[in-house]
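Notes follow once the structure below has been shown.
The values are calculated or read from the model by the stated rules, or taken from the named source; none is laboratory data. Computed from a prediction, not measured in an experiment: that's the story for all the values here. Please note: Cβ atoms are built from the backbone with ideal geometry, for glycine as well, and neighbour counts cover all protein chains shown. SASA here: full protein model, heavy atoms, side chains in, ligands and nucleic acids out. Shrake-Rupley method; radii C 1.70, N 1.55, O 1.52, S 1.80 Å.
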Amino acid sequence: MKGDGPNDPSLLLTPAAAAKILAISVKQLTHLTVAGEMPFVNIGLGNKRPTRRYLPKDIHEFIARRRTTAMPLVLKQQIKSAASATYEIIDIEKRLADLRAARQRARVYRPGKS
């Protein structure tokens with residue numbers, strides 16, 4: 001069976017090896033697999049707890065499907081909102097002085113106390 005090209009069983013990759021090719025974690029690869037985004041070969045005995053292996057061909061097809069030159073709309077909106085955010089620059093010394101003065105006024109003036 002060796003040398004059968006893409007059907008060669010020696011080409012089956014472990015989840016760790018497949019995740020390394022994709023530069024993602026094994027956990028993220030598992031999520032992609034469970035979501036049906038990444039095909040796998042079950043070399044286990046049942047479906048309750050499959051032993052997953054991945055074909056290099058499927059990994060390259062996944063990369064080709066996900067390859068894009070357009071920026072997703074959500075990311076564009078995040079960049080736009082971050083760029084248009086306004087920030088107030090405060091004088092920390094003045095702010096601390098105002099807080100101290102407010103505390104001092106609260107200590108001096110206490111209604112009902114003499």
Specify the residue that is farthest from Leu11 (Cα to Cα); the eligible residues are those in region 22-71 that are in contact (Cβ under 8 Å) with a residue 24 or more places away in the chain and outside any helix (DSSP H, G or I).
Glu37
Looking only at region 43-62, count how many residues are among the hydrophobic types (A, V, I, L, M, F, W, C) and open to solvent by 40 Å² or more (accessible area, probe 1.4 Å).
2
Note on region 26-42: residues touching a strand residue (DSSP E or B) at 6+ places or on another chain (Cβ under 9 Å), open to solvent by 40 Å² or more (accessible area, probe 1.4 Å) and under 19 Å from Arg65 (Cβ atoms) are Thr30, Pro39, Phe40, Val41
Based on what the data block shows, is Tyr109 within 42 Å of the chain's Cα centre (by Cα), modelled with pLDDT under 80, open to solvent by 100 Å² or more (accessible area, probe 1.4 Å) and more than 30 Å from Leu22 (Cα to Cα)?
no
Residues of region 72-106 that turn out to be at pLDDT 75 or above and part of a loop (DSSP other than H, G, I, E, B), as a count
4
